[in-house]
Each structure stands twice: as structure tokens, then as C-alpha cells.
Amino acid sequence: MKFKNPVIPGFYPDPSVCRVGEDYYLVNSSFEFFPGVPLYHSKDLVNWEQIGHVLTRKSQLPLEGCRNSGGIFAPTIRYYQGRFYMVTTNVSGGGNFFVWTDDIHGEWSDPVWIKQDQLGIDPSLFWDDDGKVYFQGTFFDRESGRQCIGQSQIDLTTGEMLTETRPIWSGTGGKCPEGPHLYKINGSYYLMIAEGGTEYGHMETIARSDNVWGPFESCSHNPIVTQRDYSPSFADFAGRTPDVIHGVGHADLIDDPEGNWWLMFHGFRPSVSMLHHIGRETMVAPVTWDADGWPVVNGGKPIHTEMELPGNEGWMTQNTFDFAEDFTKEEKLPVRWAYLRNPIEENYRLENGLVLTAGKDELESGGAPTFLGVRQRQLKSTAETELEFAPTTEKQEAGLTVYHTDEHHYDLVVTRRNGKRVVLLRKRVCDLLTESEPVELPESGKLVLKVEADRMQYHFFAGGTEGKLLPVGEGRTQLLSTEMMMGTFTGCFFGMFTQGEGSEVKYTRFTCENTL
Ligand code: 6LW
């Protein structure tokens, strides 16, 4: 049986997964985007559907002033005695906390803050057979002067520490030991972590102990998964086969009801060697156990986009994440949409279409601009939207943006120039700003804006609803790559926006098509 990785394509990093019977639930990091922590459901680990978000209220997720790639770092989801727990870090305020729910389709609790000296990131929870709860995360060990994985026992009702934090493993020598998860399998404690940093040297390693506190013995074939030694040639890219995956790591282990084991992890697909722009994506690989009780990921083979499992010939059907949305028929926005930081709610209304009103913040300002976006799922994707917009000044703008950070976005902008309704392509990359010649649009009537993405370029089009769309300009994917940024962890979005005093726009339709 064959399937394609990533199974959750686009910016869905740091996956963590739990299982209840035949249902799997998975969460990802969300940084400065709101709502926080996308929540996915699957029955087979390959086909995933987003069922909501864990952090849906500002009281759970204050993001004011949150820098790009601040906010919510790697979450862990666990299920224990009828209750779901999600533990994570808001690096822009408050640190480590968890929330819980007894209804996976309902609201989650307010945050319970972890009160302890373990000020690190990537928290995880482990329940031992005696009901004691252990908290793991990154920890700076003053004695060794190194980052390692620390652990404490905590009280889950109050978030108080019941023990001090003790270093339990520093990994195999890679930089940034992080993303720990502890499991008890066949009577042994397995501690699995990410190392090497979340770039091209990323890897996943594992260690084992008879005692919850260690000492942990490193697996003889660590790292259990990595692509750090994989160097695709330019020919791989020239053939335009998107079969190149890098930066795999940050994993969680899960068993299925038949007793097979699986690894959920992230990795990214470069556009060309050393550049990627659509974020770290969620992937899955089978796990077997060797005679010494160590996990073997994907039979010890590298991870490719085309994965092969024993069993039937042929491809599994897989969701494409295509969608066609008609805002004129909606009373509630589907869960795929993301705001930037905490939205100003009155600027978003569903009234026979999605009416967006400009606030004082613009896309560049690092505040809460009027913006709603979906993650770009594939290197080859198309987004198209239909809108009603009658700007009355040269400041009033609405359009379609390919947005990565405040400083990295390409905006197809409808506005007014010399008394005419026009469209132009504005490209912002670091401190560079370019604007194409304005293209005149029909003075009245609905407009269509479209972006076609391929591996190397974004192609922008605009026009009225009748006739062909006009090309407005192009932008290289290269300049929206994570490697162009200063330590970011996110990926490109296709978004609707409006800015400029008094600007109001109605979006009626938005569609996305992806090529797997
Ligand atoms: C994540 C951590 C990491 O929390 O990236 O480089 C952070 N390491 O494991 C954000 O994804």
C-alpha cells in the first residue's frame, strides 16, 4: 500500500498525537496565528481532517505584541482516563501551561500554568502506572552548562511542582536536545527527543531506562530518523519531482489498535536545494522493533514523499485539502482560517459574504491587521477569490496576499490611482519594497484575484468576473523562504486582507486547489 508524505501538508509543524480506540487526534504549533494549536482527527494516520483548534479564546492565547514565530511553540496532546490534555508554551507570555477537555469537539479549559523553575520549551506529560504525572521539557542544566531534557513530577490540578526539575538526558551530542516525549512500553521507559536543530541537521533520537528518572541508555542505532546525510542533487529538483524531504524530526510515537507502531514527525520539502517556503509539514512512517527492543523507523530507510507499506498494491486515497468556499452561504467560518495575533472581532462579519473592515494596523505593522488566511498546502497550489470592493481613496486597499511574515509577503492589491480602480502587485522582502505599475480594472462590478504557485514562482492575476484574468506580476518563492528570515518557524499563507482608513470589502468566494 502506498501513500504520500506529508499527510498534513503545509505549515503544520511539531506534531503530537494520541489515540482513543480507533480515533487519532493530532496537534501542531501555531506561533502568532489565532486560533492556536490546530486539532486534527484521523482513523488511519494518513487521512487527516481538521476538527478545530485547542486555543480558541484570547484568555487562553494572548498574542498582543507577539513577534513573528513567537507565541505557541510545540504542543503535546495526551488522553488519560476520559480527559484530553494539551500542554504547550506561550513564549510571548506566561511560559508553560496546559488545558484540558472531556469533549474533543467542545471547548478546552482555561490555562493551568506550570509553576516551576523549568522555564524551557516543548513540554510533555507522562502518566506512570501509579497515576503519578511527570512533566518533561527543555532545561538548562547549570551543572553541565548544557541544554538537556529536564523532568519534574507535577500536581495536575494546580500545576505545582512536586519535585525539583532534574536533568534526565542530554541526547547524543546534537545541538538543541528538545521535543521530549516519555513512554512506557513493555515495562521500559523510553525517552524520545529531537536533536540537531529544526533545520537540515534535524534528527530524532531515543533512550531507555528501567526507572522513570533514568539513567537513560542511548539506542545503539541513533538517530532513529534523520535526513541530515541526504543531499539531493540539483537534478532531483530539475526534474521537478517534489520527492525531496529534509529536516525530519520532532516526533511522537503511537500504536494502532492492531498493535503496530507509527511515528508522526515533521519535515519540509525544499523548492530547490536549501530553500523552503511552505513550512514544516506533518508526516508519518511505520515503526518496527528490533530484537533488542529498539524502534526502527521506515525499515531504516530514508523518508520520501512516496511511502510504501507492506500489504496491498496500489495507492491509498488521500485528501487533497482542496476547498471551494462560498461566504454568502456561511454563518460561521470553517476551522481552516487563521487570523494574525488576536483579531479585532468587529472587523470581521459574515453578512451575505465575508465583510472585512480595516483597523489601524496594516500587514507590515506587527499588530492585528484585518487578515484571514489559509496555509499553502503544496508547492503547486492555486488560490482564487471573488470580492466586491469600491475604494474611495488611494490609501484604501483590499486583496489577496501570499503572507509569510510581517516583512515577507507579496500582495495583490486593489486600490485607487489617479481616480481609477486599479490592481497592483506589491512585494515586501526584508527592507525592500517594490510595487508594479497599476493595471486598470473595470470601475464597478465584482473582481476576481488569483495566485498560481509553482515550485519557483507565484503568478498573480486579476480582472472582472467576465472574460480572462490579466497577469499582474510574478514573485519568486525563494524570497519567501524560511532561510531568508531571522529564525522563523512558520510557512506561507494565502490570505484576504484590507487596510487603509475607512476601507471595507466583501469577499464572496475563496477556492484553493492543490497538486499532490
Ligand atoms: C520547537 C522546538 C524547535 O518548539 O522549534 O528548533 C520550535 N526547535 O522544538 C518551534 O517549532
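Please treat every number below as a calculation from the coordinates, not as lab data. Treat the numbers as computed from the prediction; the structure is a model and nothing was measured. Note that each Cβ is placed from the backbone with ideal geometry, even for glycine, and that neighbours are counted across all protein chains shown.
Tabulated data for the structure shown
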{"quantity": "For the chain, calculated [θ]222 nm from helices alone, where every DSSP H run of n ≥ 4 adds -39500 (n - 2.57)", "calculated": "0 deg cm²/dmol"}
{"quantity": "Sequence-separation-based contact order of the range 378-516, relative, with Cα cut under 8 Å and 6+ spacing, percent", "calculated": "35 percent"}
{"quantity": "Likely footprinting exposure, Glu258, Glu107, fewest C-beta neighbours within 10 Å first", "calculated": "Glu258, Glu107"}
{"quantity": "Positive-end residue, the chain charge dipole about Cα centroid, Cβ charges, pick of Phe268, Gln50, Leu253", "calculated": "Phe268"}
{"quantity": "Size of electric dipole in the chain: Cβ of Lys, Arg +1 and of Asp, Glu -1, about Cα centre, debye, nearest 20", "calculated": "880 debye"}
{"quantity": "Three-way shape label, the range 409-481, alpha-carbon gyration tensor, a/c 1.5", "calculated": "oblate"}
{"quantity": "Cα centre as origin, Lys/Arg/Asp/Glu Cβ charges: the range 439-516 dipole, Debye", "calculated": "180 debye"}
{"quantity": "Sorted by Cβ neighbour density within 10 Å, fewest at the top, the residues Trp262, Trp48, Trp100", "calculated": "Trp100, Trp262, Trp48"}
{"quantity": "Relative contact order (%) - criterion: Cα under 8 Å, at least six apart; region: the range 211-344", "calculated": "18 percent"}
{"quantity": "Exceeding the 23 Å Cα-Cα cut-off - candidates Lys360/Lys468; Lys4/Lys43; Lys329/Lys360; Lys380/Lys450; Lys58/Lys115", "calculated": "Lys360/Lys468; Lys329/Lys360"}
{"quantity": "Reciprocal of mean inverse Cα separation for the range 144-213 (Kirkwood radius, Å)", "calculated": "13.2 Å"}
{"quantity": "Given charges at beta-carbon only (K, R positive; D, E negative), |dipole| of the range 313-378 in Debye", "calculated": "140 debye"}
{"quantity": "Rg/Rg_ref, the chain, where Rg_ref = 2.2 N^0.38 Å and atoms are Cα", "calculated": "0.99"}
{"quantity": "Ranked Ile77, Ile245, criterion: other C-beta atoms within 10 Å, fewest first", "calculated": "Ile245, Ile77"}
{"quantity": "Net charge over other residues, Cβ less than 14 angstrom from the Cβ of Gly502 (K, R count +1; D, E count -1)", "calculated": "-2"}
{"quantity": "Cα gyration tensor shape for the range 1-82, rounded if a/c is under 1.5, else prolate or oblate", "calculated": "oblate"}
{"quantity": "5 Å-binned pair-distance histogram of the range 273-356 (Cα, whole percent)", "calculated": "3, 8, 12, 14, 11, 12, 10, 9, 8, 7, 4, 2, 0"}
{"quantity": "Relative contact order (percent, whole number), the chain, Cα cutoff 8 Å, 6+ residue spacing", "calculated": "14 percent"}
{"quantity": "Charge dipole (the chain, unit charges on Cβ, about Cα centre) - positive-most of Val225, Gln376, Pro123", "calculated": "Gln376"}
{"quantity": "Gyration tensor (alpha-carbon) shape descriptor, the range 334-422, a/c threshold 1.5", "calculated": "rounded"}
{"quantity": "Neighbour-limited loop hits for GluC sites (Glu not before Pro), the range 406-505 (at most 11 other Cβ within 10 Å; DSSP other than H, G, I, E, B)", "calculated": "Glu443, Glu466, Glu501"}
{"quantity": "Charge context of Gly36, other residues only, Cβ under 13 angstrom, K/R +1, D/E -1", "calculated": "+1"}
